[in-house]
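Contents: one structure, followed by commentary.
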Amino acid sequence: MGPGNRPLDLEWLEDFLVLAETGSFSRAAKARFIAQPAFSRHIRSLEEWTGVALFDRSAHPAVLTPAGERFKPLLEDLLGRLEAARLKTREAHDEAATGLRFAATHVLSFAFFPGWFSRLEQTLGPRTVQMHSNNLEACEDLMLQRGVHFLLCHGHPSVPGRLEASGHPMRAVGQDTLLPVAAAQADGTPAFHLDSASAKDDLPILAYHPSAGLGRLLQTGLRSRLGGDAPHRTVFSAHHAVVLKTMALEGRGIAWLPRSLVAAELQSGQLAVAGGDNWALDVQIRLYRQPGEMTASAEALWSLVSGGASG
């Protein structure tokens, strides 16, 4: 049986795109929720089906061969058309379908999304929403695998993400600020302050895990401000801002947290800003969409957001 006559499993095509994105068989297998040996067999089977090698395995990370580079955009277009066909078929079955699928980082899923979407519904009308709340990397994986219509996350112009590279359109739907905060003392001042004389005392920092989305923004946006002139030590790290907020409230150190997450605690006096304006980082709240055609409901939301009516 020649390559053109071999059966083709569509799962192999999704596997190919994830491996092309990550360059790592182990990471790609994890993202696809299958064992690495099985994942490797899928890629080999796809190469047998095409009749050519699609990846250069001698490179680290693995890179596409010229044939793989040619195959990738054709495959993305094909899968996009298949997804559009599937969605249109569903809509034909039920024209009243209004469901929307979102992925959102943990902090935005409850600190921003509810109010923002309620304002949109005043124009769109009621919609059924399926929300996937996770860390940024997992949300990006869902978008790249076309598991959701939209992704809501923080972003900064100086820190391009995976979705920019893959051509996903984006709109800024809000603004936020990452503020250094610490537990407030009885007089309302922070227990630790980046600009005080005590900075030489090796300030305790509550940090994001390096792979966390907000951690990536801070590493780039504030790198020049966290150099040798600002002694500090990381005493705790976590992926999620909510965890760091809890530790800050316990008086364990300084954490950079979104204003949208700590506005109530700042107003009540439980937390206080622990540095001047030069220590804050303004960030965008971004909405990404699938690059291909979506359902009528999803396209209506995007049109509304693109028209500046998102609030």
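Residue check: D77 meets all listed conditions (1) closer than 23 Å to R286 by Cβ; (2) surrounded by fewer than 17 Cβ atoms within 10 Å (Cβ to Cβ); (3) out of contact with any Asp or Glu (no Cβ under 9 Å at 6 or more places or on another chain); (4) among the acidic types (D, E) but one, namely (1). Assess whether E83 counts as being touching a His at 6+ places or on another chain (Cβ under 8 Å) and closer than 18 Å to L144 by Cβ. Considered against the rule, which asks whether it is touching a His at 6+ places or on another chain (Cβ under 8 Å) and closer than 18 Å to L144 by Cβ, E83 comes out as no. The condition of being of a type in the set (D, E, K, R), in contact (Cβ under 8 Å) with a residue 60 or more places away in the chain and outside any helix (DSSP H, G or I) holds for only one of D176, D141, D187, that being D176.
Take the conditions in contact (Cβ under 8 Å) with a residue 40 or more places away in the chain and surrounded by fewer than 18 Cβ atoms within 10 Å (Cβ to Cβ) and apply them to T128. Does it pass?
Working: in contact (Cβ under 8 Å) with a residue 40 or more places away in the chain: no; surrounded by fewer than 18 Cβ atoms within 10 Å (Cβ to Cβ): yes.
No.
Within region 88-102, is there a residue that is surrounded by 18 or more Cβ atoms within 10 Å (Cβ to Cβ), assigned by TED's automatic domain parsing to the domain that holds E137 and not aliphatic (A, V, I, L, M)? Yes, some residue in region 88-102 is surrounded by 18 or more Cβ atoms within 10 Å (Cβ to Cβ), assigned by TED's automatic domain parsing to the domain that holds E137 and not aliphatic (A, V, I, L, M). When we screen T295, T246 for residues that are surrounded by fewer than 21 Cβ atoms within 10 Å (Cβ to Cβ) and at pLDDT below 90, the only hit is T295. Among residues of region 19-63 being among the small types (G, A, S) and assigned to a helix (DSSP H, G or I), the one that is nearest to the chain's Cα centre (by Cα) is A31. Scanning region 177-201 for residues that are surrounded by fewer than 20 Cβ atoms within 10 Å (Cβ to Cβ) and either modelled with pLDDT under 90 or under 21 Å from the mean Cα position of the chain (by Cα) (or both), we see that the one that is nearest to L281 (Cα to Cα) is T177. In region 57-70, the residues that are in the same structural domain as R41 (by TED's automatic domain parsing) form Cβ pairs under 8 Å with partners that are in a helix (DSSP H, G or I) and hydroxyl-bearing (S, T, Y), at six or more places apart or across chains, as follows: P61/T22; A67/T50.
If only one of P210, P204 is loosely packed, with under 14 Cβ neighbours inside 10 Å and in the same structural domain as E250 (by TED's automatic domain parsing), which one is it?
Testing whether each residue is loosely packed, with under 14 Cβ neighbours inside 10 Å and in the same structural domain as E250 (by TED's automatic domain parsing) leaves just P210.
The values are calculated or read from the model by the stated rules, or taken from the named source; none is laboratory data. All figures in this text were calculated on a predicted structure; none of them were measured in a lab. Neighbour counts are summed over all protein chains in view; Cβ atoms, including those assigned to glycine, are modelled from backbone coordinates with ideal geometry.
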